[in-house]
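Peer 1: Attaching a single structure in C-alpha cells format; questions to follow.
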Amino acid sequence: MNSRSLIQASRASIICSIILLSSVNSSLCLLIHRKPYVHRRQTAFSHIFRRHASESDGTHEDNNEGLSEPLEDSRRSFVKNGFIALTTAAFTGGSVFVSEAGARGLVRFPCKDQPLLNTYHFMRAGSSLLEVEDVWSTNPLFLTNREAALSEKGEDEVRRACNLLKNMGVTPTIVRYSLAASSIDTANIVGEEFNIGRDRLVPEFNYMDPRAIGGWDFSPKNATEEAVWAMDFDEAGPSGRGGRPPPNEDGTPSETLADQVVRLTNLMSVLETLYSGDEIILVFPDGTGPALLSCLIGGIPLNRVHQLNFQSGEIRQNVDYNSINAIATDLPSPYYSEILQRGRQELIQLRENPDEERNVKDLKFEEERAVAEAQRKERQELEEREARQNEFERRQKFEEERRIKEEQRKERQIQAQEREIERKRMRENEDNSTSDISGGAVGGGVLLLAVSSVLANSKQSAMIDTDDNRDENGTLSNATIPETNSADIDEVEVSLSDVAKAELDQPITMEQNETAKIFELASATNIDDEQINLEDSYDDWGDAWLGTINEIMNDDPDISSKLE
C-alpha cells in the first residue's frame, strides 16, 4: 500500500467518525424529546456537507439556512449529505470540505489558472551609495547601514518612476518595501509622491532580501554581477537549484535562486492573505528579486531570470502572468549575450583565484592603509631629513663656534706671548737703561773729577806762579800773574755740557722710541690700561737720570764744589 492510499484511507476514517458522532447526537436529541428544531452547534457538520453539495450542484445556499429546519428533515438531509460526502471523497481523493481551486494561503506558481487577488507593481529601489561606488553588498546584516542609502542619482530615478505611474493613472494603496536602506528611502519618496499614509507603508523584514552571494559579497558590482548572471544561466537550471556562490567567513549567506524562491513564495502568500483588491507596490533593493518573482508568476525557467532583470529605479506595473510572458522572449538579446560572454570569463577568473582579495571594502581599506603608510614613511623620512639637517647645522654651528673659540684662544695666546715678549723687552730695556744711567753717571763723575783735578792743578799752578811773582811787598804784579782765560773756562764748561748732553740724549731717545712702540702694541692688542699706565711711567728717563746725578752730586759735595 503506497502513501496515497494511506492518505485516502485516513480521510475516509475521519469522515466516518464525523458521521457516527452526528448520528449519535441526533439519537440523543430524539430520546430526550427536544424541540423540533436543531441547535446551531448540532448541525455544524451538516452545514459543511450541505455547502459542499451545493457547490457541486452549482448553487449557493445561505449559511444560515437549515438552522430552523424540522428535525426529520435535518435527519434526512444529514444522511443524504453524508452519503454524498463519502461518495465525493472516494472519487476526489479525500477532498471533502473545500475544493483546491478555492484555497487561500500558500500561493502556487505559475499564476495562470489562479489569478492574484491584488494588483502588483514591481519596483527596484534607486541607485544606492554603494552601487554608485560599484560595490555589491548582499549581507542582510549590512542592508540597513546608511552607507547603502539612496544616492542623489537614485532619488531622481525614483521620482521619474513615480511620475510615470501618475501619468498612467496608477493610484497605489499599499507600499511594501525591504528594510534595506535604499528601499526605505525609495518607499518614503513614493509615499510622499502619492500621499500614502504611514500606516500603508509596510516594511518587510526578510522576505524581500536580495540573494546573498557569499564570498563575492562587497566585490566590484559590475564585473561580479555579470559572472553571477553567467553562472545562473549555465548552471542554475529551470528550477534554480544550481549555481551556488562560494561561502564566506563573515556570515554572508551563499544562496542559489531556489533559496530566494522560498522567501518570495512566502511573501506573495502573506500579501494574498492580508490584502484583497489593493494596488500594491513592492520595492526591492536589487534587480534580481522582482525579476525572479516575475519568472515565478509567469512560469518562465529560472535560469532566464536575468533577462527580466530590473534597472535601478525601474518600475513595472500590473505584473501578472500575461504581462510577464508578453515581455519575455525565447532567445536572449545580443546585449544579454555579450554580458553572458564577459561573465563567463570573469567567472573563470573568480574560480581560478578563490583566495584573491575582491572585497572592495577591504581593498579600499588596504589602499587607504597603504596610502597612510606611504604618508607616514614620507613624513618619517622628512622628519629624518630635517633631523639630519638640524644635526648637521648644529654640528656646523658647534664647529664654527669651536673654531672661533680656538682662534680667539690662539689669538689670546699670541697676544699673551707678545705681551710676555714685550715685558721681557721692557725688562731688558729697563736693565740696559739702568746700566747706561749708572755708566753715564760714573763716566760723568769721572769726567767731573778729571775736570776738577785739571782746574785744581791749574789753580795750584796759578797760585805757585803768583807766589813766585810776588814782590817783596807781597803784592802781585800784573806781569807775572797769569790771566785766567774766560774762554778756556767756557770751553771746559761746554765740553762738560756736551759730554753730559751726549750721555743724556742716548737713553732718552731710545726710551721714547720704546714707549712709542708700546703705545702702538697696546692699541693693536688692547693691552690693559694698567699695563699702558705702567708703560707711560717710562717717559721720563731723562728726569730719572738727572735725579740720579743730583743724588750723586748731593752725596759728594766735593764734586759740586769742583763744578762750582
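The values are calculated or read from the model by the stated rules, or taken from the named source; none is laboratory data. Being a predicted model, the structure only gives us computed values, none of them experimental. Every residue, glycine among them, receives a Cβ derived from its backbone with ideal geometry; neighbour counts consider all protein chains shown. These accessible areas exclude ligands, DNA and RNA; they are computed on the full protein's heavy atoms, side chains included. Shrake-Rupley method; radii C 1.70, N 1.55, O 1.52, S 1.80 Å.
Peer 1: Give the carbon-plus-sulfur fraction of the accessible surface of segment 271-318 in %, rounded to a whole number; probe 1.4 Å, heavy atoms of protein chains only.
Peer 2: Carbon and sulfur: 42 percent of the exposed surface of segment 271-318.
Peer 1: Grab the Cα-Cα distance for Arg198 and Asp259, subtract it from 0.36 nm times how many residues apart they are, and report the gain in nm with one decimal.
Peer 2: 18.9 nm
Peer 1: Amide H to amide H under 5 Å from Phe284: which residues, 5+ apart in sequence or cross-chain, H placed 1.01 Å off N in plane?
Peer 2: Under 5 Å from the amide H of Phe284: Met123, Arg124, Ala125.
Peer 1: Enter the accessible area per residue of segment 134-289 (Å², integer; probe 1.4 Å; all protein chains in place).
Peer 2: 40
Peer 1: List every residue whose amide H lies under 5 Å from the amide H of Ser219, counting only residues 5 or more places away in sequence or on a different chain, with H placed 1.01 Å from N in the peptide plane.
Peer 2: HN-HN under 5 Å from Ser219: Trp136, Val360.
Peer 1: Another question, if that's okay. Quick one: what are the phi-derived ³J(HN,Hα) couplings along segment 267-282, Karplus 6.51/-1.76/1.60 with θ = phi - 60°, whole Hz, x for glycine and proline?
Peer 2: With the stated coefficients, segment 267-282 comes to 4, 5, 5, 5, 5, 5, 8, 7, 10, 8, x, 9, 9, 10, 9, 9 Hz.
Peer 1: Still on this structure: Taking the dipole about the Cα centre of segment 360-399, with the C-beta of Lys and Arg at +1 and of Asp and Glu at -1, give me whichever of Leu363, Gln389, Gln375 is farthest to the positive side.
Peer 2: Selected residue: Gln389.
Peer 1: Per residue of segment 194-208, what does 6.51 cos²θ - 1.76 cosθ + 1.60 with θ = phi - 60° give for ³J(HN,Hα)? Whole Hz please, x for Gly and Pro, Karplus curve as stated.
Peer 2: 9, 6, 9, x, 5, 6, 9, 9, 10, x, 10, 7, 8, 5, 9
Peer 1: Tabulate in residue order the Karplus-calculated ³J(HN,Hα) for segment 246-263, using 6.51 cos²θ - 1.76 cosθ + 1.60 with θ = phi - 60°, rounded to whole Hz; enter x for Gly and Pro.
Peer 2: x, x, 10, 9, 8, x, 6, x, 10, 10, 9, 5, 5, 5, 6, 4, 4, 5
Peer 1: Quickly work out the Glu373-to-Glu133 label distance, labels modelled 7 Å from Cα along the C-beta direction, and quote it in nm with one decimal.
Peer 2: Each label point lies 7 Å from its Cα, and together they span 2.1 nm.
Peer 1: Can you give me the Cα centroid spacing of segment 214-260 and segment 318-351 in angstrom?
Peer 2: Spelled out, the Cα-based centre of one part sits 15 Å from the other.
Peer 1: Right, next: Would you mind checking which residues have amide H under 5 Å from Thr252's amide H? H placed 1.01 Å from N; only 5 or more apart, or other chain.
Peer 2: Amide H to amide H, under 5 Å and 5 or more residues apart or across chains, Thr252 pairs with nothing.
Peer 1: For Arg241 and Asn266, what does the FRET efficiency come to when R0 = 22 Å and r is the distance between their Cβ atoms, rounded to the nearest 0.05?
Peer 2: 0.80
Peer 1: Full-extension gain between Lys361 and Ile327, please, as 0.36 nm times their residue separation minus the C-alpha to C-alpha distance.
Peer 2: Between Lys361 and Ile327, full extension yields 8.5 nm more.
Peer 1: I would also like to ask the following. Which one, Pro334, Thr252, Tyr275, is farthest towards the positive end of the dipole of segment 244-357 when Lys and Arg carry +1 and Asp and Glu -1 on their Cβ?
Peer 2: Going by the Cα projections, it comes out as Pro334.
Peer 1: Continuing with the same structure: Compute the FRET efficiency between Gln413 and Thr434 as 1/(1 + (r/R0)^6), taking r as their Cβ-Cβ distance and R0 = 51 Å, and round to the nearest 0.05.
Peer 2: Given R0 = 51 Å and the Cβ-Cβ separation, E is 0.95.
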